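For reference, the structure is listed below as structure tokens.
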Amino acid sequence: MAYSNYNYLDHLEDVEIDLSSYLTLFSDTNYTLEFSNLQSVKTNVKNLFSYIDVVDDFKDKAGAFKKYTILENELPEDVAIKFYGSEDFWWAITLYNNIDNPFTQWPLTNDQIDYLAGLYETKENKYTKEAYKLLLEETSLNKTLIDVLNPLHLADLIYRFQNSILVISDDNSHFRIL
């Protein structure tokens, strides 16, 4: 049976969900966000993709994905628009490539490389900004080849992902988190 209603959660009104016990299933990911004019912000977030293992079935199928080289300054949202017609599916790009943290596992933009090279030069004071830029560019270049799920399989991935975290009643009147 083909499933076509991917917005079933929108139809559940006034549903309160306590996710505290459910979120213990997921690993923690630490982020340090640095802004040019502000103090660094350290935060701990739950990696919602760490518990979900729906991608492996697709990786074994011939034609389920293709190799893609990320273009300069291209973000996951840009790749999603290119392949799926919407930036809303950025998560499918990162999920399919086991990217838990797009801030550190995605190629840097030229502006990010320039900013970080200047930051490293100032904070570490070991090498020139140009040396740091070359190192960051090389590291970033090694992250440019990714797998992109064939758009024909996207609906199936969405369905499997939703069903891996939710159990919906037959009449869509209630659901529970696994």
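Bear in mind that the values in this text are calculations on the coordinates, not laboratory data. As the structure is a computational prediction, the values presented were derived from the model and not from experiment. A quick note on method: Cβ atoms are made from the backbone with ideal geometry, for glycine too, and the neighbour counts reach across all protein chains shown.
Most exposed first by the Cβ proxy, i.e. fewest other Cβ within 10 Å, how do V41, V148 rank?
Ordered by Cβ neighbours within 10 Å, fewest first: V41, V148.
Take the cross-link list K123/K143; K61/K82; K67/K123; K42/K82 and give me the ones stretching past 28 Å between alpha-carbons.
K67/K123; K42/K82
I want to check the label-to-label distance for D78 and T128. Put each point 7 Å from Cα in the C-beta direction and report it in nm to one decimal.
Going from the D78 label point to the T128 one covers 2.8 nm.
Only counting other Cβ atoms within 10 Å, I'd like S40, S140 sorted with the fewest neighbours first.
If I rank by nearby Cβ atoms, fewest first, I get S40, S140.
Taking neighbour counts of Cβ atoms within 10 Å as a proxy for exposure, in what order, fewest first, do L71, L135 appear? Could you put the intermediate results ahead of the total?
On the way: L71 11, L135 15.
Going from least to most buried by this count: L71, L135.
Would you pull out the residues with amide H under 5 Å of F65's amide H, same chain only if 5 or more places away, H placed 1.01 Å from N?
When sequence neighbours closer than 5 places are left aside, the close amide H contacts are N150.
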